[in-house]
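Everything below concerns the one structure shown next.
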Amino acid sequence: AIELYGTQVIPRVREILASLRHATADIRMVPDILGLQLLNHSMGDVAGIPVINLSSTPMVGLNRLVKALEDRIIASAILLMIAPLMIAIAIGVKLSSPGPVFFRQARLGYDGRPFKVWKFRSMKVHQEHEGQVTQATKRDPRITRFGAFLRRTSLDELPQFFNVLDGSMSIAGPRPHAVAHNEEYKELVDRYMRRHKVKPGITGMWQVNGRSGSSFADYQRLDLYYVDNWSILVDVGILAKTLPAVL
């Protein structure tokens with residue numbers, strides 16, 4: 001085992017290969033990356049040149065196709081089943097206070113690109129200062145009585161299945177935050193933006209793992225674990241736990 005640093009690497013590797021030129025054993029170089037905080041690391045190539053992926057998305061090739069099919073099929077089936085419920089909620093929102101049925105807010109999605117998330121409106125219509133998003137509190141006077149029920153039961157998030165159909169969200173993935181909150185969190189939380197290596201989800205590991213008792217650090221750890229360990233089986237496990245968690 002020989003430690004190599006900076007400009008020493010290439011000449012030293014050439015020297016080692018020359019000294020081992022008569023050897024019949026496999027020769028491998030192990031980069032000293034074990035002390036780094038990696039995400040979905042693997043070997044790859046760029047323009048035919050081998051590279052080590054230190055932080056990359058798992059949604060490439062077949063994975064991306066499978067995830068897209070999973071999202072579209074499940075979202076379509078769920079929307080057909082919950083259409084009567086969504087109509088009833090829409091009527092309730094209109095009767096609860098003047099204003100639109102739906103609320104749309106800018107969030108950051110896959111690769112850090114902004115999109116507009118769909119939700120049932122749970123607050124009275126009000127005006128925020130530009131670039132500011134005031135986080136709702138438990139007894140926020142802006143929340144209507146019907147809106148409080150929607151938020152408590154997560155029914156306000158049902159229209160996000162339209163986001164899944166248009167490709168801006170997934171059924172399972174990290175929770176999308178408002179753009180203003182993203183700007184705040186990325187300066188406070190190490191590796192925060194790596195959660196955008198996948199599409200945000202309606203449900204996720206945080207939501208089904210005791211979210212009320214989780215710290216913000218636990219929240220981010222679960223998001224990064226999902227990105228680093230994604231598979232169809234992980235998504236199936238999250239979906240199986242979602243309804244019991246909501247109830």
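The values are calculated or read from the model by the stated rules, or taken from the named source; none is laboratory data. No experiment lies behind these values; they were computed from the predicted model shown. Here the Cβ positions follow ideal geometry from the backbone for every residue, glycine too, while neighbour counts run over all protein chains shown. In case anyone asks, the SASA skips ligands and DNA or RNA and just uses the protein heavy atoms, side chains included. Shrake-Rupley method; radii C 1.70, N 1.55, O 1.52, S 1.80 Å.
When only the Cβ of Lys, Arg, Asp and Glu is charged (+1, +1, -1, -1), the dipole of the chain relative to its Cα centre reaches about 860 debye. Could you give the length gained by full extension between residue 54 and residue 90, i.e. 0.36 nm per residue of separation minus their alpha carbon distance, to one decimal place? Going from the current span to full extension adds 8.4 nm. Here the simple spin-label model places points 7 Å from the Cα toward Cβ, and for residue 139 and residue 29 these points are separated by 6.5 nm. Averaging over all projection directions, the Cα-based convex hull of the chain occupies 18.0 nm² in the image plane. In this calculation the C-beta distance from residue 10 to residue 41 is compared with R0 = 25 Å, giving a FRET efficiency of 0.65.
The C-alpha atoms of the chain define a longest principal axis, and helix 232-246 lies at about 30 degrees to it.
Averaging the sequence gap over all C-alpha pairs within less than 8 Å and six or more residues apart, then dividing by the number of residues, gives the chain a relative contact order of 18 percent. Projected label points at residue 79 and residue 62, each 7 Å from Cα along the beta carbon direction, are separated by 2.9 nanometres. Between the Cα long axis of helix 9-19 and the first principal axis of the chain there is an angle of about 40°, rounded to the nearest 10. If you take the Cα centroid of region 72-89 and the Cα centroid of region 179-222, the two points sit 27 Å apart. Short-range pairs are left out: with C-alpha atoms under 8 Å and at least six residues apart, the relative contact order of region 152-247 is 32 percent.
Using the heavy atoms of the protein chains alone and a 1.4 angstrom probe, what is the accessible area of region 169-247 per residue in square angstrom?
Working: 3780 Å² over 79 residues.
Computed with neighbouring chains in place, this is 48 Å² per residue.
Pairs with C-alpha atoms separated by more than 26 Å, drawn from the list 116/197; 67/124; 124/199; 186/241; 124/186, are 67/124; 124/199; 186/241; 124/186. Distance between the modelled labels on residue 17 and residue 225, one decimal in nanometres: 4.2 nm (7 Å Cα→Cβ projection).
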